[in-house]
Amino acid sequence: MKWAIALILALATMNLVASRVYNMGYTFDPDFGFIYHPGYTVYSSIEGNGSAHYVQHGIRRKKEWNPTEPAPIIVLGDSFTEAHQVSDDEVYTDLLEQALVKSGIHNQVLNLANSGNSAADYIASAPQVLSFFKPAWVVVQVMDDDFTSDAWQIGKRHFSSDASGKTLKIVSEPALENSQSKAMFLTLKNYFPLIGFTQRRIQCFIAGMKVDAPMFCAGRANSKNFLRDEKKNKKYPVDEEINLLKEAYGGRVTILLISRFNPNDPLTVPVSEQLIENLARDKNISFVSSRARYADLVVKRVAPFGFGNSGYNTGHMNRCGHQVTADVLSSEIVRLHNYDLF
Amino acid sequence: MIFSSVRFFIFLAITLAILGLISRRDLKKRFLAVASCFFYAAWDWRYLGLLLVISVIDYFCAIQISETNMRKRRKAWLILSLVSNLGILGWFKYFNFFIENANALLAQFGVSISHLDILLPAGISFYTFKTLSYTIDVYRKEIEPCRSWLDYATFITFFPELIAGPIVRGSVFLPQMGRSIGPTKERLIVGFSIFLQGFTKKVFIADRLATVADPIFANPGLYSSFSVWLGVVAYSIQIFCDFSGYSDMAIGVAKMIGYDLPENFNMPYLSASITEFWRRWHMTLSSWLKDYLYIPLGGNRKGRARTYINLMLTMLLGGLWHGASWNFVLWGGAHGLALAGHKYWSVRKGGGAVLSPWMGWLLTQLFVTLAWVPFRASSFQVTETVFRKLFAVGGSGARWVPVWLFYCIPLVIFGHILGLSIEKARKDSSACSVGLRIIKKLGWEVDSSTIAGPYICGRRVTILGLYILFVWVLSIFYFAPTQTSPFIYFQF
């Protein structure tokens with residue numbers, strides 16, 4: 001009996017802990033799929049230490065979005081823009097809004113980022129975003145892999161080419177669709193985050209086992225390197241993907257590239273990033289890179305990524321990273337505004 | 001198979017289940033030997049043959065040594081054992097190192113010898129020392145040779161300590177071969193508790209601190225002096241928790257099976273002198289080096305100068321045992337010098353303490369921490385850069401304050417307070433410290449015959465005691481890294 005009582009108490013404790021570290025709070029929105037429900041706050045303490053407040057339609061924002069105010073600036077992105085590692089007033093979208101107000105631009109900045117998104121998601125969601133928010137401008141945050149490996153990853157929404165290999169199409173996985181059983185399970189997981197956390201941990205353990213050294217021949221093969229090399233050698237049609245992105249938003253889009261940071265050589269641009277920049281400029285797409293302010297970070301002896309509880313220059317953006325990103329982005333948005341583009 | 005991996009848990013569960021199902025004693029031992037071979041082959045099956053060849057050679061040599069009284073013949077069999085063991089170790093572990101150094105010398109003559117493309121067999125340093133001690137003990141007539149190759153193979157291949165120790169001597173393990181092995185309720189409870197403590201040290205402290213130490217040692221020039229200091233301190237705690245965690249896990253698994261392994265660590269970071277440190281750190285290695293190297297060299301019986309030389313030689317070879325690199329020699333040499341220096345001052349003080357306990361502790365820990373730099377650094381250049389940074393020679397660098405260090409230090413302090421409570425109980429069974437009182441209140445037990453911490457006692461345990469255990473186990477499931485990281489001592 002005492003074993004059962006102790007076990008139930010321990011599980012209740014872990015459920016409480018899970019609610020702080022593993023965030024559920026999902027709801028199904030017919031326009032935007034699974035989003036955090038309005039009023040939900042996501043806490044993060046494993047990497048960084050932040051709290052992210054969500055308002056309507058899965059927007060990360062301190063205050064509710066007011067549709068009657070001037071058309072908003074929409075920011076789409078992945079976990080780097082979702083930025084659960086920092087608080088609401090430290091995320092670059094909030095800093096951008098403040099900087100724009102100082103420049104006399106009063107458009108609200110709406111952060112619609114979702115962890116795991118890639119260029120395929122930004123293109124696919126364009127019709128809903130444009131019709132629903134009628135944005136003044138759209139910012140799409142990318143990393144160098146958002147047009148390559150991440151955008152072609154099966155298991156989530158991804159690019160695919162037809163049989164001839166020439167025409168690009170976007171494939172949505174069934175996971176994005178709603179169903180009654182899925183909705184019920186989601187409700188259960190919202191009440192007991194430990195269920196979702198357990199599910200996630202089991203998936204992680206299975207994934208962890210897959211990258212372990214192979215049995216009986218660990219000395220001969222290194223599966224991790226093998227996989228990495230295979231990915232590296234694959235060619236992706238980045239040119240066509242950028243075309244699709246431009247078309248999807250009618251050219252009213254800024255590509256914000258979050259650059260990798262090398263403290264020993266902050267200004268040298270890696271080939272993969274250079275490719276995106278060159279293509280964007282060739283196609284007359286507004287483009288900014290956080291690298292533009294990296295030299296300042298070297299002087300300050302800080303990196304844009306990493307936290308005290310993760311690692312120096314690893315993982316997601318810290319406060320400094322968000323600040324430099326907001327700086328470069330606000331300069332670009334002000335420039336676009338000055339050209340009367342919105 | 002790393003002890004903290006899912007594969008190992010599956011392997012352990014199957015092994016224990018089958019051992020529990022088999023009723024015949026000899027069959028249990030046979031199965032254990034087969035399971036151990038499987039464990040070793042799971043890393044790379046090609047080196048299993050090497051392990052078995054070594055076990056056959058030493059088994060045979062030991063029997064030949066015991067069957068003759070002719071000194072020369074006994075010595076010849078011993079030399080055969082030593083040459084074969086050290087030859088295999090030298091070939092796999094040191095051959096490329098010697099070639100590298102020879103090439104550096106021969107470069108001016110335009111001569112270059114090509115490297116051998118060989119892989120270091122896992123655990124070779126540990127099982128070589130184990131087999132060496134066995135034949136030497138038989139030669140010294142300290143133990144009788146094992147008459148059953150099956151028993152001997154079970155001893156040599158015993159999987160919990162095969163890869164990274166503790167270095168178990170035949171005199172400790174072979175007398176246990178008569179036991180009926182297999183899991184019992186008591187063995188599982190005590191073994192699991194010890195395993196859990198080791199697992200916690202590994203995944204919650206060592207692996208976390210690796211994320212602090214690894215990037216700093218990978219690129220020390222990048223960081224500020226303060227960050228490098230934090231990295232060095234982090235490594236100092238990491239290596240202790242990694243290795244002592246592994247040792248606890250090995251001892252725990254052996255206990256679940258039914259064997260007792262010697263303790264390997266006894267709170268070394270409480271040592272007030274370097275001599276005490278080596279009595280508490282990697283105890284099975286330090287006692288091996290003392291019994292089979294330092295004493296045969298003459299120990300302290302041949303005058304003061306020879307004592308210091310013997311100490312230096314022992315530690316230099318001890319350093320080289322860890323790895324084929326001059327960095328390890330430097331680490332061993334530094335410890336040798338420190339031991340010789342401590343011995344010198346102790347003799348001058350008439351055998352008394354050289355410094356006050358607190359000052360002694362502070363200096364010892366400072367020395368030990370700094371000595372880990374060459375041990376961890378990948379090259380002499382990295383060692384030099386780290387030392388330059390530590391003593392602020394070489395300008396500025398990135399400021400990174402890793403907070404894990406400040407979470408882990410209180411955990412380590414808590415562990416040491418608990419350890420001191422248990423040590424007190426071992427020395428004086430009537431003693432009852434605060435730590436012990438808390439443990440008793442929870443209904444847990446402390447095995448005063450070992451250094452191991454508390455374990456759950458089925459009958460008296462309270463709901464709070466069980467609750468803590470469940471939260472502990474669940475925390476590991478939910479927060480331990482899902483990708484296994486190898487133990488530091490696996491590379492030796």
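So, in region B:381-403, exactly how many residues are within 11 Å of chain A (Cβ to nearest Cβ) and either under 17 Å from B:Thr369 (Cβ atoms) or in a loop (DSSP other than H, G, I, E, B) (or both)?
8
Can you tell me which residue among B:Leu48, B:Leu12 is in a helix (DSSP H, G or I), touching a helix residue (DSSP H, G or I) at 6+ places or on another chain (Cβ under 7 Å) and farther than 21 Å from B:Thr131 by Cα?
B:Leu12
Answer yes or no as to whether B:Val412 is among the aliphatic types (A, V, I, L, M), surrounded by fewer than 20 Cβ atoms within 10 Å (Cβ to Cβ) and either at pLDDT below 70 or touching a strand residue (DSSP E or B) at 6+ places or on another chain (Cβ under 6 Å) (or both). Steps first, please.
Details: among the aliphatic types (A, V, I, L, M): yes; surrounded by fewer than 20 Cβ atoms within 10 Å (Cβ to Cβ): yes; either at pLDDT below 70 or touching a strand residue (DSSP E or B) at 6+ places or on another chain (Cβ under 6 Å) (or both): no.
Here the answer is no, as B:Val412 does not meet what is asked.
Restricting to region B:195-229, what's the tally of residues that are closer than 18 Å to B:Ser475 by Cβ and in contact with a strand residue (DSSP E or B) (Cβ under 8 Å, 6 or more places away or on another chain)?
Number satisfying all stated conditions: 0.
A quick yes/no check of all residues on (1) more than 24 Å from B:Phe487 (Cβ to Cβ); (2) within 14 Å of another protein chain (Cβ to nearest Cβ); (3) buried (at least 18 other Cβ atoms within 10 Å of the Cβ):
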residue: B:Thr157; (1), (2), (3): no, no, yes
residue: B:Glu161; (1), (2), (3): no, no, yes
residue: B:Arg169; (1), (2), (3): no, no, yes
residue: B:Gly178; (1), (2), (3): yes, no, no
residue: B:Glu186; (1), (2), (3): yes, no, no
residue: B:Thr200; (1), (2), (3): no, no, yes
residue: B:Asp207; (1), (2), (3): no, yes, yes
residue: B:Ala210; (1), (2), (3): no, yes, yes
residue: B:Val233; (1), (2), (3): no, no, yes
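Where residues in region B:1-20 are surrounded by fewer than 17 Cβ atoms within 10 Å (Cβ to Cβ) and either on the phi > 0 side of the Ramachandran plot or more than 14 Å from chain A (Cβ to nearest Cβ) (or both), which of them is nearest to the chain's Cα centre (by Cα)? Walk me through how you get there before you give the answer.
Going through region B:1-20, the residues surrounded by fewer than 17 Cβ atoms within 10 Å (Cβ to Cβ) turn out to be B:6-7, B:9-10, B:13-14, B:17-18, B:20.
Cutting the leftovers down to either on the phi > 0 side of the Ramachandran plot or more than 14 Å from chain A (Cβ to nearest Cβ) (or both) gives us B:13-14, B:17-18, B:20.
Details: B:Ala13: 24, B:Ile14: 26, B:Ala17: 28, B:Ile18: 29, B:Gly20: 29 Å.
Across region B:1-20, the extreme among qualifying residues is B:Ala13.
If you go through region B:21-37 one residue at a time, do you hit one that is surrounded by 14 or more Cβ atoms within 10 Å (Cβ to Cβ), closer than 23 Å to A:Cys217 by Cα, touching a Gly at 6+ places or on another chain (Cβ under 6 Å) and within 14 Å of chain A (Cβ to nearest Cβ)?
So far as region B:21-37 goes, no, none of its residues is surrounded by 14 or more Cβ atoms within 10 Å (Cβ to Cβ), closer than 23 Å to A:Cys217 by Cα, touching a Gly at 6+ places or on another chain (Cβ under 6 Å) and within 14 Å of chain A (Cβ to nearest Cβ).
Suppose we filter B:Ser433, B:Ser421, B:Ser448 for residues that are at pLDDT 70 or above and touching a helix residue (DSSP H, G or I) at 6+ places or on another chain (Cβ under 8 Å); which single one remains?
Numbers: B:Ser433 fails: at pLDDT 70 or above; B:Ser448 fails: at pLDDT 70 or above.
Of the residues listed, the single one that is at pLDDT 70 or above and touching a helix residue (DSSP H, G or I) at 6+ places or on another chain (Cβ under 8 Å) is B:Ser421.
Being more than 16 Å from A:Ile74 (Cα to Cα) and either at pLDDT 95 or above or surrounded by 13 or more Cβ atoms within 10 Å (Cβ to Cβ) (or both): is that true of A:Lys156 here? Write out each step before concluding.
Numbers: more than 16 Å from A:Ile74 (Cα to Cα): yes; either at pLDDT 95 or above or surrounded by 13 or more Cβ atoms within 10 Å (Cβ to Cβ) (or both): yes.
The answer is yes for A:Lys156.
Just to verify a result, which residue in region B:271-282, among those that are part of a helix (DSSP H, G or I) and touching a residue at least 40 places away in the same chain (Cβ under 8 Å), is surrounded by the most Cβ atoms within 10 Å (Cβ to Cβ)? Talk me through it step by step, then tell me what you get.
Keep residues of region B:271-282 that are part of a helix (DSSP H, G or I), which gives B:274-280.
If we keep only those that are touching a residue at least 40 places away in the same chain (Cβ under 8 Å) as well, we get B:274-278.
Working: B:Ile274: 26, B:Thr275: 16, B:Glu276: 17, B:Phe277: 22, B:Trp278: 23.
The qualifying residue surrounded by the most Cβ atoms within 10 Å (Cβ to Cβ) is B:Ile274.
Looking for whichever is assigned by TED's automatic domain parsing to the domain that holds B:Leu474 and modelled with pLDDT of 90 or more here; the options are B:Gly221, B:Gly198. Which one fits? Can you show your working first?
On the way: B:Gly221 fails: modelled with pLDDT of 90 or more.
After ruling out the rest, the residue left standing is B:Gly198.
Could you please let me know if B:Leu105 is touching a Gly at 6+ places or on another chain (Cβ under 9 Å) and more than 16 Å from B:Ile65 (Cα to Cα)? Give the derivation first.
Details: touching a Gly at 6+ places or on another chain (Cβ under 9 Å): no; more than 16 Å from B:Ile65 (Cα to Cα): yes.
The answer is no for B:Leu105.
Within region A:243-342, considering only helices (runs of 4 or more DSSP H) that don't extend past its boundaries, which have at least 1 residues that are within 14 Å of chain B (Cβ to nearest Cβ)? It would help to see each step written out before you state the result.
Working: elements: A:271-282, A:294-300, A:319-338.
Fully inside region A:243-342 and qualifying: A:294-300, A:319-338.
Any idea which residue in region A:14-23 is modelled with the lowest pLDDT, counting only those that are surrounded by 18 or more Cβ atoms within 10 Å (Cβ to Cβ) and under 20 Å from A:His316 (Cα atoms)?
A:Asn23
In region A:33-41, is there at least one residue being surrounded by fewer than 16 Cβ atoms within 10 Å (Cβ to Cβ), in contact (Cβ under 8 Å) with a residue 60 or more places away in the chain and either within 14 Å of chain B (Cβ to nearest Cβ) or on the phi > 0 side of the Ramachandran plot (or both)?
No, region A:33-41 has no match at all.
Give the residues of region B:283-304 that are buried (at least 18 other Cβ atoms within 10 Å of the Cβ) and not in a helix (DSSP H, G or I), sorted by residue number.
Those that are buried (at least 18 other Cβ atoms within 10 Å of the Cβ) and not in a helix (DSSP H, G or I): none in region B:283-304.
The values are calculated or read from the model by the stated rules, or taken from the named source; none is laboratory data. Quantities reported herein were computed from a predicted structural model and do not represent experimental measurements. Heads up, the Cβs are rebuilt from the backbone with ideal geometry, glycines too, and the neighbour counts pull from every protein chain shown.
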